[in-house]
Amino acid sequence: MSTFRSIVFSSVIAGFIVGLIVTAAQQFGTVPLILKAEVYEKAAEHKHEAAASPQVVLVHDAADHDHGAEAWEPKDGLERNLYTAGANILTAIGFALLLGGFFAVRSGATGEPISWHEGLMWGLAGFAVFTIAPGLGLPPELPGVPAAPLLSRQIWWITAVLATAAGLGLIVFRRSAPAAIAGVALIMLPHLIGAPELEHVETNVPSSLSHQFVVAVTLTSLVFWALLGSLTSTAFAYFDRPASA
């Protein structure tokens, strides 16, 4: 029970701190790029609607608009930032619980407390599994950029994550030539199969904006995982001291 408490407490504290830090970083990195892309997206939608049904422009009035059918989304500004912060905190806590479970198993097997730099290594492994590997096939996309069907992308993303995690596990923990070869093969398998993508992509979102977004998301994710691994391991070592003693 004390180990479970250590996992929960350390995950909540680290997840809350990291979620807030990442939210602040996003305000200077990804959020401005998303807002720019949304301008292009809305302009393309209006242009498409006007080209598809020009006669509607001549006969409609304000009463014909049905805004209730539009999908709900938070308002720009404070409301949107609060929802973003909440999502980041919950995501960070969820991944911190996963890391905390690994730390508990590792600490129980070795009998030694987890250090912050070992936690950093686990965090970087999470960055490789959840960001680098799937991002090579399915890079982050801005609003207004067409993409392959969602289900096929989700299946490939999960496959890439599981294969990369299993491959790294074989390389790091088995420490033998056959295991290393099998691990590398697992990591490469999803990319040899290929991620789902559209044959023709038509968008008015500038490619330079998309490239900036990929870089911003990757750097933000690196900060997320590095801090999450370090802080979760530090907090877990602190709360797990009575149990270790």
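The values are calculated or read from the model by the stated rules, or taken from the named source; none is laboratory data. Quick caveat: nothing in here was measured; it's all calculated off a predicted structure. Positions of Cβ are generated from backbone atoms using ideal geometry, with glycine treated the same way; all protein chains shown enter the neighbour counts. Side chains included, ligands, DNA and RNA excluded: accessible areas come from the protein's heavy atoms. Shrake-Rupley method; radii C 1.70, N 1.55, O 1.52, S 1.80 Å.
Say each of residue 193 and residue 207 gets a label point 7 Å from the Cα, pointing the same way as Cα to Cβ; how far apart are those two points in nm?
The two pseudo-label positions are separated by 2.9 nm.
Only Lys, Arg, Asp and Glu count, each charged at its Cβ (+1, +1, -1, -1), so figure out the dipole size of the chain about its Cα centre, rounded to 20 debye.
1320
Taking 0.36 nm per intervening residue step and subtracting the Cα-Cα distance, what contour gain separates residue 128 from residue 110 on full extension?
Between residue 128 and residue 110, full extension yields 4.0 nm more.
Which order do the peptides 141-148, 118-125 come out in when sorted by mean C-beta neighbours inside 10 angstrom, highest first?
118-125, 141-148
Quick test of the membrane-span-like rule: which DSSP H helices of the chain reach at least 20 Å along their long axis (C-alpha atoms) with mean Kyte hydropathy at least 0.0?
2-28, 78-110, 150-169, 177-193, 207-239
Hey, rough spin-label estimate for residue 4 and residue 172, points 7 angstrom out along Cα→Cβ, what's it come to in nanometres?
Inter-label distance under the simple model: 2.6 nm.
With the radius of gyration and the Kirkwood radius both derived from the Cα set of the range 95-140, what is their ratio Rg to Rh?
1.10
Rounded to the nearest whole Å², what accessible area per residue is found for the range 136-187 with the 1.4 Å probe?
Here the per-residue accessible area is 59 Å².
[x] 18.1, 55; [y] 18.6, 59; [z] 22.4, 79: which one is Rg and Dmax of the Cα atoms in Å as calculated from this entry?
[z]
Given a 1.4 angstrom probe, I'd like the percentage of the accessible area of the range 141-245 that is carbon and sulfur, rounded to a whole number. All intermediate terms of the calculation are to be shown ahead of the outcome.
Details: 4280 of 6210 Å².
Using a 1.4 Å probe with all protein chains present, the range 141-245 comes out at 69 percent carbon and sulfur.
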